[in-house]
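Trainee: After the structure tokens below, expect a handful of questions from me.
The values are calculated or read from the model by the stated rules, or taken from the named source; none is laboratory data. The shown structure was predicted, so the numbers you read here are calculated from the model rather than taken from an experiment. All Cβ positions, even for glycine, are placed from backbone atoms using ideal geometry, and neighbour counts span all protein chains on display. For accessibility, only protein heavy atoms count, side chains too; no ligands or nucleic acids. Shrake-Rupley method; radii C 1.70, N 1.55, O 1.52, S 1.80 Å.
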Amino acid sequence: MTLSRRKTLALIGGGSIVAATAAAGYDITRFPHAATAPWSAAGGYDDPRMRALSWAILAPNPHNRQPWMVDLSQADTAVLFVDTDRLLPETDPFNRQITIGLGCFLEIMRLAALQDGLAVEFDLFPGGSDPRGLDGRPVAACRFSPTDAAPDPLFALVPFRRSNKEPYDTSRPVPVEALERIATAPMYFGMDFTAVPERVALLRDLSTDALRIEFATERTLRESVDLFRIGHREVAANPDGIDFTGPGFETLRMTRLFTREASMNMDGFVARSADAAFVENMQSAMAHLWQVTPDNSREAQIRAGQDWVRINLAATAEGLGLQPLSQALQEFEEMQALYGQVHAELAPGGGTVQMWARVGYGPEVGESPRWPLEEKIVSGP
């Protein structure tokens with residue numbers, strides 16, 4: 001589930017924000033600065049592998065689960081594993097989306113290493129893999145070695161990359177020329193797009209329908225709600241998941257208008273307000289882009305992730321916002337019919353749609369919380 005925080009706040013909160021007492025002012029205005037400190041700490045390590053990894057942890061990933069673990073016990077090597085406690089079994093039953101997120105991680109690590117004159121060679125799934133799910137075997141053995149290759153200009157955009165989940169400006173069309181430039185960024189599978197109003201309208205409606213299916217399915221909704229981090233204390237304690245911070249959300253937390261329990265009530269005001277926010281988000285798309293892979297192997301999912309983060313960085317260079325529309329690509333039972341419909345629309349020649357996003361000009365948004373890099377190193381040099 002993806003939330004537009006500003007719109008949800010306005011709909012849920014109403015006059016409650018104005019009614020907040022002065023006594024609560026300190027708590028309401030707190031921000032968990034430590035949770036975003038890894039963004040400013042990136043690059044500040046002596047070991048070139050740690051430098052590269054400090055950028056890699058800023059990669060986009062499903063529900064901000066940050067499912068990476070890294071072993072640095074071998075010289076000039078970083079071995080990537082998945083944290084199997086950070087999977088999404090209901091909305092991502094085969095861990096396809098998690099694998100794409102790991103591909104994003106690897107690509108940013110590669111871009112960062114190039115800045116230091118190092119190439120990274122990936123041995124993907126050296127111990128094998130299971131299409132039914134990720135396990136304790138390595139995702140990638142990453143070997144660093146000197147190179148004369150030039151740095152990639154996309155790296156400069158890493159500190160500014162966001163997944164923009166706010167409504168977009170419907171008065172500003174997305175230039176086709178900008179989409180064509182973004183489409184040059186992928187290295188493996190390419191990218192398709194549309195800014196044709198009639199097709200954009202169709203895709204707006206499909207993405208809205210998919211969100212409503214995920215929202216109306218108790219177990220998939222619960223998976224997201226369990227990952228809500230409501231208020232600065234929860235975000236500071238667990239800088240992952242779906243964060244809700246700032247004066248408005250602190251007030252809603254303190255007045256008990258916004259709780260996990262309230263979020264699970266399908267007939268309640270929170271659910272109705274969230275639905276209205278979802279519709280506004282999806283219906284503000286001014287273009288769509290997507291990726292299709294010929295097969296759905298683990299290797300293809302990793303490469304799709306590498307391509308996806310490059311697309312995201314290229315969109316950042318164009319001043320465009322992207323929001324992944326993962327819901328219709330999820331493989332749980334209630335989504336099957338819409339999954340087929342979206343694949344017929346976006347991949348009529350066959351293959352797997354790995355990523356799909358709405359595109360537009362949105363407001364500036366801040367960094368997502370991150371665990372410190374040190375928390376993700378399972379064995380050091």
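Trainee: Would you kindly compute the Cα radius of gyration of the range 71-219 and its largest Cα-Cα separation (Dmax), both in Å?
Mentor: Considering the range 71-219 through its Cα atoms, Rg and Dmax are 19.2, 55 Å.
Trainee: So what's the net charge close to Ile108: Lys and Arg +1, Asp and Glu -1, counting the other residues with Cβ under 15 Å from its Cβ?
Mentor: On the way: positive: Arg49, Arg51, Arg110, Arg161, Arg162, Arg303, Arg310, Arg370, Lys376; negative: Glu107, Asp116, Asp152, Asp307, Glu367.
Its environment carries a net charge of +4.
Trainee: Further question on the same structure: Whats the longest run of the chain with zero GluC sites (Glu not before Pro) that are DSSP loop and have at most 14 other Cβ atoms within 10 Å?
Mentor: Details: sites that count: Glu331, Glu364.
No qualifying site falls inside 1-330, the longest such stretch.
Trainee: Percent antiparallel among DSSP beta bridges with both residues in the chain, to the nearest 5? Show your work: numbers first, answer last.
Mentor: Numbers: 29 of 34 bridges.
Looking only at bridges with both residues in the chain, the antiparallel portion is about 85 percent.
Trainee: From the Cα trace of the chain, what convex hull volume per residue do you get, rounded to a whole Å³? Kindly include the intermediate steps, with their values, before the conclusion.
Mentor: Working: hull volume 50.2 nm³, N = 381.
Hull volume normalised by residue count: 132 Å³.
Trainee: Roughly speaking, what is the centre-to-centre gap between the range 188-228 and the range 108-160 when only Cα atoms are used, to the nearest Å?
Mentor: About 29 Å separates the Cα centre of the range 188-228 from the one of the range 108-160.
Trainee: Given a 1.4 angstrom probe, what's the average accessible area per residue across the range 236-305, in square angstrom?
Mentor: Working: 2500 Å² over 70 residues.
Result: 36 Å² per residue.
Trainee: With N residues in the range 37-89, what two-decimal value do you get for its Cα radius of gyration over 2.2 N^0.38 Å? Don't skip to the answer; put the middle values down first.
Mentor: Working: Rg = 12.2 Å, N = 53, 2.2 N^0.38 = 9.9 Å.
Against the compact-globule rule of thumb, the ratio is 1.22.
Trainee: Between the range 235-297 and the range 332-381, how many Å separate their Cα centres?
Mentor: So the separation of the two Cα centres works out to 15 Å.
Trainee: Still on this structure: Placing unit charges on C-beta atoms (Lys and Arg positive, Asp and Glu negative, everything else neutral), compute the dipole magnitude of the range 158-300 about its Cα centre in debye, rounded to 20. Could the numbers behind the result be given before it?
Mentor: Details: 17 positive and 22 negative charges, 78 e Å.
Approximately 380 debye in magnitude.
Trainee: Now a separate question. Could you work out the local net charge near Leu257, counting Lys and Arg as +1, Asp and Glu as -1, over the other residues with Cβ closer than 14 Å to its Cβ? Can you show the working numbers first?
Mentor: Numbers: positive: Arg253, Arg256, Arg260, Arg272; negative: Glu250, Glu261.
Residues near Leu257 contribute +2 overall.
Trainee: Can you compute the helix-only [θ] at 222 nm over the chain? Use -39500 (n - 2.57) per DSSP H run of at least 4 residues, normalise by all residues, nearest 500 deg cm²/dmol. Walk me through the intermediate numbers first.
Mentor: Details: 14 runs with 150 residues, N = 381.
Result for the chain: -12000 deg cm²/dmol, rounded to the nearest 500.
Trainee: Putting +1 on Lys and Arg Cβ atoms and -1 on Asp and Glu Cβ atoms, find which of Leu157, Met191, Gly246 reaches farthest to the positive end of the dipole of the range 141-249.
Mentor: Gly246
Trainee: Taking θ as phi - 60°, what are the ³J(HN,Hα) couplings along the range 120-129 by the Karplus curve (6.51, -1.76, 1.60), each to the nearest whole Hz, with x for Gly and Pro?
Mentor: 10, 9, 9, 9, 7, 6, x, x, x, 8
Trainee: Using a 1.4 Å probe and counting only protein heavy atoms, arrange Val235, Val378 so the residue with the most accessible area comes first.
Mentor: Numbers: Val235 0, Val378 85 Å².
Correct descending sequence by accessible area is Val378, Val235.
Trainee: Separate question: What is the pair-distance distribution P(r) of the range 263-381, computed from all Cα-Cα distances in 10 Å bins starting at 0, with each bin given as a whole percent?
Mentor: Result returned by the calculation: 11, 30, 35, 21, 4, 0.
Trainee: Tell me which of Asn265, Pro173, Asn281 sits at the most positive position along the dipole axis of the range 168-291, charges placed on C-beta atoms (Lys, Arg +1; Asp, Glu -1).
Mentor: With unit charges placed on the Cβ atoms, the residue in question is Asn265.
Trainee: Additional query: Pop out the ³J(HN,Hα) list for the range 171-176 in order, Karplus 6.51 cos²θ - 1.76 cosθ + 1.60 with θ = phi - 60°, rounded to Hz; leave Gly and Pro as x.
Mentor: Running phi through 6.51 cos²θ - 1.76 cosθ + 1.60 with θ = phi - 60° gives 8, 10, x, 8, x, 4 Hz.
Trainee: For the range 203-316, what is one quarter of the convex hull surface built on the Cα atoms, given in nm²? Walk me through the intermediate numbers first.
Mentor: Numbers: hull surface 37.5 nm².
Value for the range 203-316: 9.4 nm².
Trainee: Taking DSSP loops as anything outside H, G, I, E and B, show the longest stretch in the chain free of trypsin sites (Lys or Arg not before Pro) there with at most 11 other beta carbons within 10 Å. Don't jump to the answer; show the numbers that get you there.
Mentor: Values: sites that count: Arg132, Arg256.
After excluding every exposed loop site, the longest remaining stretch is 1-131.
Trainee: Dipole magnitude of the range 154-239 about its Cα centre, charges +1 at Lys/Arg Cβ and -1 at Asp/Glu Cβ only, in debye to the nearest 20?
Mentor: Values: 12 positive and 13 negative charges, 66 e Å.
Charge dipole, the range 154-239, about its Cα centre: 320 debye, nearest 20.
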